[in-house]
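The values are calculated or read from the model by the stated rules, or taken from the named source; none is laboratory data. Every value quoted in this text rests on a predicted model; they were computed, and no experiment measured them. Cβ atoms come from the backbone with ideal geometry, glycine included; neighbour counts cover every protein chain shown. SASA here: full protein model, heavy atoms, side chains in, ligands and nucleic acids out. Shrake-Rupley method; radii C 1.70, N 1.55, O 1.52, S 1.80 Å.
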Amino acid sequence: MNRATWVGPVRLAATALAATGLVAWATLSPAAPQESTDQRAGERSSLAAVTSASVSCPGPELSGVDSVDDIDVEARIAAATAPDEVLGALDLGAPGRLVLRSGDAESSPVDAREVTTTESARSGESTEILATGRMAPGLAAGQEWSVDRDEIRGLSTVSCARPGSDLWLLAGGGDPGRQERLVLTNPGANEVTVDLQVLGRRGPVPSPTGATVVPARGRVALLVDAISGAEESPALRVRVNGGAVHAVMSDMWLDGSVPAGAETTGPTAEPSTTQVIPAYVTGTSGSLRVAVPGDKQAVVSAQVVGPEGVSPLPGGVLRVPARSTGELAVKGLPPGRYALRITADVPVVASMFSAWRYDGKAGDFAWSASAPAASGLLGAAFPEGVRAGRSLVVSSVRGPATVSVTWGAKSRWTTKAVTLSQDTSATVDLGEATAVWVRRVSGRGEVRAGVATMGGGAGSRLVSVVPLADSAVTSAVSRAHPAP
């Protein structure tokens, strides 16, 4: 591994928070469990800073498939911890350290907060970010690469995240020259078995692959075509037996000899009758993809959540058969950055596709997956060096909210308070940010946020969209007291 590059923005003065009227309280992610009435007498819970945290990164997504040549991309990984002022008066505890570990290589340890450290990812290997002691609260990490070559063109940004046991990924298509790869990372100490299931326009897609074994602390990469065939609208379900995995899907399109784009996307929110896409950027074309896991048809409608409120997504209502996928083309939506809300009468999963391509020339595209509402602090980190601007889209649905947005760019921390009415979104220019955190400071609305990264000129866009992930800060600590 290359030696870490540190980007150390100056500390945000506490007076800046006071001037904006924000009080930085410790945020819990996930939400603190409520004490039940049948809890053992004399036992009470309190909150303390987490003492360890870890997330997994997939490594270069276009490498590691057996019998398939790797496609070389310079993927880099960034890890960061939230500024102390974001965490408030929380006692961060004992000294700690943050390291990036890939195979038998480990980065130089970082023991100072408010620093973004960047490492080059190793081909064919995943990376785990480990933080202990006072370095654990508010951990965020991401992986990114940007390529503009004759055979591949695209900007890809994906969150490094905690694993799951039942995940949905929506991306890819049946166009000639389109190739999708699934990367499964197992951070656990035991091997796991993964069952892969694909839904398509005509229902479940027969798959010849069977179960896939991912070794302990290992990585497996697969061609999705081997699972889904030439399905034009695939939705991939990843179910894990004996543990959990981190899963991402890369989508690369070479239209004849012209590179039409590349993107990597993570899992959607779990199936629900309401899905929210945190960030969507209009392009030259786009579509909404919905999958129905259950045995009943879904009647689906979509609303654009913008600064002035909600409006129907042009195109009407989408009906999707049971255990199938459906697509709704995006037409007539004014250029901009939005959140989207998808509602259905049965649980669904959803993602948005947006492409930038002019007159058949080289282009790029993005996938924007739905995300759960924040349970505490949301965060993301980005490597240095990508010549692109980043913008945050933050929304509040089912109620109003005021959020605090803190980001680091060019050796400087900035905090901004954003007030959101019910069912509205706002966009914040982050410049060349290397880290960003969002937390709700008041209100009852469900908060979500995503970052759109855009580079290139108007006719040659490079673009990627990624949702912010929950960033653990505190955990419940049980203490026993004598029963009265």
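A few comments on the model shown:
- Residue match in region 404-415 (condition: without any contact (Cβ under 8 Å) to a residue 60 or more places away in the chain and assigned to a strand (DSSP E or B)): yes
- Output for region 331-361, where each listed residue is more than 22 Å from the chain's Cα centre (by Cα), of a type in the set (A, V, I, L, M, F, W, C) and either open to solvent by 40 Å² or more (accessible area, probe 1.4 Å) or at pLDDT 95 or above (or both): Ala344, Val346
- Filter result for Ser165 (over 23 Å from Ala381 (Cα atoms) and of a type in the set (Ser, Thr, Tyr)): yes
- Comparison of Ala469, Ala452, Ala476 shows that the only residue that is under 27 Å from Thr274 (Cβ atoms) and open to solvent by 10 Å² or more (accessible area, probe 1.4 Å) is Ala469.
- Number of positions in region 179-194 that are touching a residue at least 60 places away in the same chain (Cβ under 8 Å) and not in a strand (DSSP E or B): 1
- Selection within region 206-264 - open to solvent by 10 Å² or more (accessible area, probe 1.4 Å), in contact with a strand residue (DSSP E or B) (Cβ under 8 Å, 6 or more places away or on another chain) and part of a loop (DSSP other than H, G, I, E, B): Ser207, Thr209, Ala211, Pro215, Ala216, Arg217, Gly229, Glu231, Glu232, Gly242, Gly243, Ala244
- Of the residues making up region 74-97, those that are open to solvent by 10 Å² or more (accessible area, probe 1.4 Å), assigned to a loop (DSSP other than H, G, I, E, B) and not basic (Lys, Arg) number 10.
- Those residues of region 226-247 which are closer than 23 Å to Ala350 by Cβ and free of Cβ contacts under 8 Å to residues at least 60 places away in the same chain, in sequence order: Ile227, Ser228, Gly229, Ala230, Glu231, Glu232
- Residue match in region 304-326 (condition: open to solvent by less than 20 Å² (accessible area, probe 1.4 Å), in contact with a Lys or Arg (Cβ under 7 Å, 6 or more places away or on another chain) and under 25 Å from Leu392 (Cβ atoms)): yes
- Any chance Pro176 is touching a helix residue (DSSP H, G or I) at 6+ places or on another chain (Cβ under 9 Å), open to solvent by 10 Å² or more (accessible area, probe 1.4 Å), at pLDDT below 95 and part of a loop (DSSP other than H, G, I, E, B): no
- Region 421-449, residues that are crowded, with 24+ Cβ neighbours inside 10 Å, of a type in the set (Ser, Thr, Tyr) and in a loop (DSSP other than H, G, I, E, B): Thr434
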